1. For segment 113-135, how many residues meet the condition of being open to solvent by less than 60 Å² (accessible area, probe 1.4 Å) and hydroxyl-bearing (Ser, Thr, Tyr)?
2. Does Val99 qualify as being among the β-branched types (Val, Ile, Thr), in contact with a Lys or Arg (Cβ under 9 Å, 6 or more places away or on another chain) and open to solvent by 40 Å² or more (accessible area, probe 1.4 Å)?
3. Just name the residue that is nearest to Ala65 (Cα to Cα) out of those in segment 78-107 that are among the small types (Gly, Ala, Ser) and at pLDDT below 90.
4. Within segment 72-96, count every residue that is open to solvent by 40 Å² or more (accessible area, probe 1.4 Å) and polar (S, T, N, Q).
5. Looking at the structure I just gave you, is Ala65 open to solvent by 20 Å² or more (accessible area, probe 1.4 Å), farther than 28 Å from Cys38 by Cα, under 18 Å from the mean Cα position of the chain (by Cα) and at pLDDT 85 or above?
6. Assess whether Arg145 counts as being more than 30 Å from Gly77 (Cα to Cα) and within 28 Å of the chain's Cα centre (by Cα).
Amino acid sequence: MIEGIEVLMRHWGEQQRKCGQAGALSSTMGTIMEYGGCAPRGGVYGARLLIAGAGPDYVASEVEAALGVVERAADGGALVLLAVLRYVNHNELTLDEQVQVLDLGRGAAGRRSYYRRLERLHHQVAAALTARHARSSGQRKESRRDGDRMRKASHLQAKKAHKARGVELFKASGADRSSGDVAPISSRQAPMSAVQE
């Protein structure tokens, strides 16, 4: 058994018991009764994930996606059933009852088969999560490169536009380029050295 995956799977099971599937909204009255008023806000507005306890969190949804990958593999349906029985466990079945439902045998042999299957589930979920993370990490890197490329191109375009505009302004007239806010020094003004004395 992989301890880190066990923690993730327990969290997934807890989220499944509390929130159900993604997109399932909790009851307003149930939320008021559970929290004694409005539910605490969680998450970020504008995010894809729902806030205030409506639906599973990000980690649970990633585990759910990994279980989808496991289910599509050979013998994956039995592994996902094991995950549901062990971690969601709506009926609060004991270990022996889970072994019996999964039809893995009786006694010690059934428990050994159960733990071997659990080990296989953990390894497949870990592989699926690692593949999902690598894929999203690659997409983030690619997105960052594309963003850097676009910023560099827009910076060069702006630089060329400003340079062309500056050349255009200075070519327009060879006359006075002052802004007009500088007054000529009159003969009646005292020199600066006289003011400082």
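The values are calculated or read from the model by the stated rules, or taken from the named source; none is laboratory data. Values in this document were obtained by computation on a predicted structure and should not be read as measured data. We place every Cβ from the backbone using ideal geometry, glycine too, and count neighbours over all the protein chains shown. To get the accessible areas, we keep the full protein, side chains included, count just its heavy atoms, and leave off ligands, DNA and RNA. Shrake-Rupley method; radii C 1.70, N 1.55, O 1.52, S 1.80 Å.
1. 2
2. When the stated conditions are applied, Val99 does not pass them.
3. Only one residue fits best here, namely Gly105.
4. So the count comes out to 2.
5. yes
6. Working: more than 30 Å from Gly77 (Cα to Cα): yes; within 28 Å of the chain's Cα centre (by Cα): yes.
Criteria met by Arg145.
Residue-wise test of (1) modelled with pLDDT of 85 or more; (2) within 30 Å of Met9 (Cβ to Cβ); (3) among the aliphatic types (A, V, I, L, M); (4) touching a strand residue (DSSP E or B) at 6+ places or on another chain (Cβ under 7 Å).
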site: Thr130; (1), (2), (3), (4): yes, yes, no, no
site: Lys159; (1), (2), (3), (4): no, no, no, no
site: Gly166; (1), (2), (3), (4): no, no, no, no
site: Gly174; (1), (2), (3), (4): no, no, no, no
site: Arg177; (1), (2), (3), (4): no, no, no, no
site: Ser186; (1), (2), (3), (4): no, no, no, no
site: Ala194; (1), (2), (3), (4): no, no, yes, no
